[in-house]
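J.: Sharing a structure below in C-alpha cells format, with a few things to ask.
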Amino acid sequence: MTSPVLLWLHRELRLGDNRALLAAVASGQPVLPIFVLDDETPGAWRPGEASRWWLHHSLAALAADLARLGAPLLLRRGRIADILPSLVRETGASAIHAGQPVEPWARRVAAELPRLAGVPLVLHRTVTLFDPEALRSGAGTPYAVFTPFSKACLARGPAAPPLPAPAHILAPERVPPSDPLEAWGLLPGQPDWAGGLRGTWTPGEAGARQRLAGFLDHTMEAYATARDRPDMDGTSRLSPHLHFGEISADQLWHAARAAGDGPGQIAFIREILWREFSAHLLWHHPTLPETPLRPNFARMPWQTAPRALRAWQRGRTGLPIVDAGMRQLWQTGWMHNRVRMIVASLLVKHLMLPWQQGEAWFWDTLVDADLANNAASWQWVAGCGADAAPFFRIFNPVLQGRKFDPDGSYVRRFVPELARLPDRWIHEPWAAPADVLEAARLRPGITYPAPIVDLAAGRARALAAFASLSAT
Ligand SMILES: Cc1cc2nc3c(=O)[nH]c(=O)nc-3n(C[C@H](O)[C@H](O)[C@H](O)COP(=O)(O)OP(=O)(O)OC[C@H]3O[C@@H](n4cnc5c(N)ncnc54)[C@H](O)[C@@H]3O)c2cc1C
C-alpha cells in the first residue's frame, strides 16, 4: 500500500490556485486533506463567533468540492502539534504539505512539526502574494512604511499566475475517521444571531468566485471613488473569502489586471497590497496583535469605562455614523472600511479606551477577522503602528458622516429610529430643533441615546494625553 501525504489546510480552503494541494497531488501519492480546529495551542487566537459561523459553512463547501475530485476532508479538533503527528503515525504518511502560515502561533507550530511528526513538512505560499521573507528594504530591513513596500511589490509583480485546481485527487485506501462537522458546534445555538449573516454571505470557493464576478461586472469601474462611501455598494466584500483562503490574492491581482488598468483596478490592487503589508508587519513583529509598535504608547493613560465600551459595542453611542457601523457589524459580520476607521477613532481617541479592546470585539464579530489586518489596522488608527495615521488626526464623526454618507441613507438603514430625521440633522440629532425632533418622532435620550461623549471635550482630552506621552 502506497503511503499517503497529509495536506494540512489552514487558511487555503480552496481547490483553485492552491500550491499546497497541487504539490501534494504531484507527489503521486494518495492525499489526505485535513483541517484541525485548534482552540488549545497556547497563544492561538481562537476564532471568534462570527468566524466560527463562516468556518462551518466554508468547511462544508470545501468537503463537497473535495468529494467531487475524489478526496475526503478529515476534520479533527485539538492541538495541531498533537493531531498531525498522531495522524502521520496512524496513516504512515511520508510528508505533510501545507500553506505557509503567517500567524505567529501557527508559525511556531509549523516549526515544531517535522520533529514531532518525524516526516518533512513542505510549506507553500498560499496566503500572501509574495514570500514574506523576500521583501526587504534597500537596507535589508523589513519595511515599516506602506508606500515603499507597495512600490517594491509592484516592481516585483505581477504575482504568479493562478494555478488551476487538480482534475482528480487520489484518496488513500483507508481513511481514518473524521469528526462530524456538526459536532464542533461552530454555529450559534439559541438565540440564533446568524440570520443577518446567512442573508448576506455565501461562504466557500464558489461563493467567492461569484462575489468576484459581481464585483468585476458592477463595482470595479467606480471603485476608486465609491470605495469610501458606506452608503454605496462600492467595495468587493471579498475580505472573509480572502481571509479563509477561498480565493487567493494572486487570483484577485490577475483578475484586476485582466479587467484593465483604470483607476478602479489600480486602487483595488493597492488595497490588496495593504493586506500584504499587514501580513508583512505581523511576520516581522509577532507581538503586533498585543503590543504597540511605538513603545511610548504603552504609557498612554487609557481609561477604564465598561459602560462606554458596551455602548460602543452595541451601537448605542448616540453618534449616528458610529452606531450605524457597529450595528452593521452586529447584523452582517462586516463593516465598511471608512466606518471601521471612524468607530475605531472614536473608541481610541474620544473615549480613550485601549485599542486592544476594539480589536478584541472586531475579532469576535467580524466574519473577516484576520490577525494581521485587524491588528495592523487598529494600530494604524490608534497612531501606534508602523506607518500609522498620526494620533492627533482625530475623526469627527459628524463631519465624516456628512462627507461619506451625505444623505444619511447608511445611517437610516442601520439606525431606523433616526429614519425620519431630515438629511440636515441625520448625523447630529442632538442639535436638531424641537419641532424637527417632534416631526421625526425622536426623543433624544429616550428613543435614541444622547451622545456618550462630548466630541470637543473628548478630542481635547485625547490630545492632552498624547502630548503627555511626548513630554515623558
Ligand atoms: C479598525 C480596523 C480593523 C480592521 N480589521 C480587519 C480585519 O480583521 N480583517 C480584514 O480583512 N480587514 C480588516 N480591516 C481592513 C478593511 O476595513 C477591510 O479589509 C475591508 O473593509 C474589507 O472590505 P472589502 O473586502 O469590501 O474591501 P475592498 O475595498 O474590496 O478591498 C479588497 C481587499 O483588500 C484588503 N484590504 C482592503 N483594505 C484594507 C486595509 N485597510 N488593510 C488591510 N487589507 C485591506 C482586504 O483583504 C479586502 O478584502 C480593518 C480596518 C480597520 C480600520
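J.: Under 5 Å between amide hydrogens, which residues at least 5 positions from ALA171 or on another chain qualify, with H placed 1.01 Å from N in the peptide plane?
T.: It is VAL31, by chain and number.
J.: Follow-up question, since we're still on this one. List the residues whose amide H sits under 5 Å from the amide H of TYR448, counting only those 5 or more places along or on another chain, with H placed 1.01 Å from N in the peptide plane.
T.: Distant-sequence amide H within range of TYR448: ARG443.
J.: What number comes out for accessible area per residue over the chain if the probe is 1.4 Å? Units Å², please.
T.: Numbers: 19300 Å² over 472 residues.
For the chain, the solvent-accessible area averages 41 Å² per residue.
J.: Can you give the convex hull volume of the alpha carbon atoms of segment 5-127 per residue, in Å³?
T.: On the way: hull volume 11.8 nm³, N = 123.
That works out to 96 Å³ per residue.
J.: Same structure again: Assuming a ≥ b ≥ c are the square roots of the Cα gyration tensor eigenvalues, decide whether segment 124-250 counts as rounded (a/c under 1.5), prolate (otherwise, with a/b larger than b/c) or oblate.
T.: Details: a/c = 1.91, a/b = 1.24, b/c = 1.54.
Cα axes put segment 124-250 in the oblate bin.
J.: Further, regarding this structure: Using a 7 Å offset from the Cα along the Cα-to-Cβ direction at both GLN210 and ALA259, what is the distance between the two label points in nm, to one decimal?
T.: 1.8 nm
J.: Which stretch or stretches of segment 330-367 have amide N atoms under 19 Å from the point lying 7 Å from ALA467's Cα along the Cα→Cβ direction?
T.: 349-352
J.: Given the protein chains as shown and a 1.4 Å probe, how many square angstrom of SER377 are accessible, to the nearest 10?
T.: Solvent-accessible area, nearest 10 Å²: 60 Å².
J.: Between GLU173 and ARG393, with labels modelled 7 Å along Cα→Cβ, what's the label distance in nm to one decimal, could you check?
T.: 6.4 nm
J.: Taking the simple approach of a point 7 Å from Cα along Cα-to-Cβ for both HIS218 and ALA431, what is their distance in nm?
T.: Once both label points are built, they end up 3.5 nm from each other.
J.: Ignoring ligands, DNA and RNA, please state the percent of accessible area on the chain from carbon and sulfur, probe 1.4 Å. Don't skip to the answer; put the middle values down first.
T.: On the way: 10660 of 19300 Å².
Carbon with sulfur: 55 percent of the solvent-accessible area.
J.: If you don't mind, another one. Please turn the phi angles of segment 178-186 into ³J(HN,Hα) values with the Karplus equation 6.51 cos²θ - 1.76 cosθ + 1.60 (θ = phi - 60°), one per residue in order, whole Hz, x for glycine and proline.
T.: 10, 5, x, 4, 4, 5, 6, x, 7
J.: Over segment 295-471, what is the mean sequence separation of C-alpha contacts under 8 Å (at least six apart), divided by residue count, expressed as relative contact order in percent? Walk me through the numbers on the way to the answer.
T.: Values: 223 pairs, mean separation 46.7, N = 177.
It comes to 26 percent, rounded to a whole number.
J.: Let me ask another. Whats the longest run of the chain with zero GluC sites (Glu not before Pro) that are DSSP loop and have at most 12 other Cβ atoms within 10 Å? Display every interim value, and only then the final one.
T.: Details: sites that count: GLU133, GLU173, GLU290.
That gives 291-472 as the longest site-free run.
J.: Before anything else, pin down the relative contact order of the chain: Cα pairs under 8 Å, at least 6 apart, normalised by residue count, whole percent.
T.: On the way: 779 pairs, mean separation 78.7, N = 472.
17 percent.
J.: Once the Cβ-Cβ distance between ALA419 and GLU40 is put in as r, and R0 is 51 Å, what FRET efficiency do you end up with, to the nearest 0.05?
T.: On the way: r = 46 Å, r/R0 = 0.91.
With a Förster radius of 51 Å, E is 0.65.
J.: Can you list the residues, at least 5 places off or on another chain, whose amide H is less than 5 Å from the amide H of HIS124, using H built in the peptide plane?
T.: Those qualifying (amide H under 5 Å, at least 5 residues apart or on another chain) are ALA98, GLY99, GLN100.
J.: Taking the DSSP beta bridges in the chain as the whole, what percent of them are antiparallel, to the nearest 5? Before the final figure, lay out each step's value.
T.: On the way: 0 of 17 bridges.
Bridges in the chain that DSSP calls antiparallel: roughly 0 percent.
J.: Roughly how many Å² of THR365 are accessible to a 1.4 Å probe, to the nearest 10?
T.: Here the residue's solvent-accessible area equals roughly 10 Å².
J.: Also, quick follow-up: Once Rh is set to the Kirkwood radius over Cα pairs, what Stokes-Einstein translational diffusion coefficient, in µm²/s, holds for the chain at a temperature of 20 °C and a viscosity of 1.002 mPa s? Could the numbers behind the result be given before it?
T.: Working: Rh = 23.7 Å.
Stokes-Einstein gives a translational diffusion coefficient of 90 µm²/s.
J.: Could you work out the per residue convex hull volume over the alpha carbons of segment 295-471, in cubic angstrom?
T.: On the way: hull volume 18.4 nm³, N = 177.
Roughly 104 Å³ of hull volume per residue.
J.: Restricting attention to segment 373-406, which trypsin sites (Lys or Arg not before Pro) occupy a DSSP loop and are surrounded by at most 12 other Cβ atoms within 10 Å? Before the final figure, lay out the partial values.
T.: Working: sites: ARG393, ARG402, LYS403; in loops: ARG393.
Those satisfying the criteria are ARG393.
The values are calculated or read from the model by the stated rules, or taken from the named source; none is laboratory data. As the structure is a computational prediction, the values presented were derived from the model and not from experiment. A quick note on method: Cβ atoms are made from the backbone with ideal geometry, for glycine too, and the neighbour counts reach across all protein chains shown. We work out accessible area using only protein heavy atoms, side chains counted, and drop any ligands, DNA or RNA first. Shrake-Rupley method; radii C 1.70, N 1.55, O 1.52, S 1.80 Å.
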